[in-house]
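Okay, structure first, notes after.
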Amino acid sequence: MPERILIAEDDHKQADILRRFLEHGGFSATVVPDGASAVEAARRLAADLLVLDLGLPRLDGLAVCRIVRAEQDLPIIMLTGRNREDDVLLGLRLGADDYVTKPYRPQEIVERVRTVLRRAKRAACHRVGGLVVVPAHREVMVDGVPVDTTPGEFGIIACLAAAPGRPFTRRVLLARISRTATESTERTIDTHVRNLRRKIEVDPARPRYLRTVHGIGYKLVAADGP
């Protein structure tokens, strides 16, 4: 399934052009018009990368970058028309992966997206206690022992491992695995979690890693975490 790009841009014409170029390049693209919507969408969607305009209303791009970076390891490409080096440097310090100064050619953004995604995949290795998830190779290991997972199970464990300690709703997890599997109900997530616990936990009835967050969904924590 295509990788999902979240575009935060308040210029509707520019956003639509960029969306069409990304989709033509083989990506799935979602557009939001302001900073508050960008933060909400980053939390709700299982996006692979955020294209972020720094001059957003309601919440500027630097604030969005700060919030998103504190919550998840989502690659970010900044768009800036301010032509101010201080903004670019601050954005990079906050965790942005790349930046493009306006005006730009939409095809340049598509190529930057491909480059940043390739770099993120090569670098990604999520460790949560003795649990290791390597998305680029679809590998899961517990205390050095490989664990076989189905596409749906791997989608869940990879999503949780990218943001340890953060609770994910079943809806968000379903959005993540729907790109690699055919499941369509949130209860399918519970089935995958039960199967994962049998594979990664010493005692599936008392999980150390894959914890239930009552009223919300699931989270992944280190074996001795709360």
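Computed from the coordinates by the stated procedures, all read-outs in this text should not be read as laboratory data. Just so you know, these numbers come straight off a predicted model, no measurement behind them. Using ideal geometry, Cβ is built from the backbone for each residue, glycine included, and neighbour counts are taken over all protein chains shown.
Expressed as a rounded percentage, what relative contact order does the stretch 4-123 have, with Cα pairs under 8 Å and six or more residues apart?
Rounded, it is 24 percent for the stretch 4-123.
Give the average over all directions of the projected area of the C-alpha convex hull of the stretch 4-123, one decimal, in nm².
On the way: hull surface 25.7 nm².
For the stretch 4-123, the mean projected area of the Cα convex hull comes to 6.4 nm².
Using modelled backbone amide H atoms (1.01 Å from N, in-plane), which distant-in-sequence or interchain residues come within less than 5 Å of Ile76's amide H?
When sequence neighbours closer than 5 places are left aside, the close amide H contacts are Leu50, Asp97, Asp98.
When you count, for each residue, the other Cβ atoms within 10 Å and take the mean per peptide, how do 67-74, 153-160, 127-134 rank with the highest first? Write out the running numbers ahead of the final one.
Values: 67-74: 16.1, 153-160: 24.5, 127-134: 18.4.
For the peptides 67-74, 153-160, 127-134, the packing ranking is 153-160, 127-134, 67-74.
For every helix of n ≥ 4 consecutive DSSP H residues, a contribution of -39,500 (n - 2.57) applies; sum these over the chain, divide by its total residues, and give [θ] at 222 nm rounded to the nearest 500 deg cm²/dmol.
One gets -13000 deg cm²/dmol as the mean residue ellipticity at 222 nm.
With axes computed from alpha carbons, what is the tilt in degrees of helix 12-24 against the longest principal axis of the chain, rounded to the nearest 10 within 0 to 90?
That helix lies at roughly 50 degrees to the long axis.
So who's got an amide H within less than 5 Å of the one on Arg166, skipping anything under 5 residues away but keeping other chains? H placed 1.01 Å off N, in plane.
Leu220
Considering only DSSP beta bridges with both partners in the chain, what is the antiparallel share in %, to the nearest 5?
45
Can you give me the relative contact order of the chain as a percent, contacts being Cα pairs under 8 Å and 6 or more apart?
14
If you wrap the chain's Cα atoms in a convex hull and average its projection over all directions, what's the area in nm²?
12.5
Students often check this: by mean Cβ neighbours within 10 Å, which of 57-64, 14-21 ranks highest, and how do the rest follow?
Values: 57-64: 18.9, 14-21: 17.4.
Order by mean packing, descending: 57-64, 14-21.
I'd like the Karplus ³J(HN,Hα) series for the stretch 50-66: coefficients 6.51, -1.76, 1.60, θ = phi - 60°, whole numbers in Hz, and an x wherever there's a Gly or Pro.
Per-residue couplings from phi come out as 10, 9, 10, 6, 6, x, 7, x, 6, 8, 6, x, 5, 5, 4, 4, 4 Hz.
Between the helical axis of 187-200 and the dominant principal axis of the chain, each derived from Cα atoms, what acute angle in degrees is found, rounded to the nearest 10?
Tilt relative to the chain: about 60 degrees.
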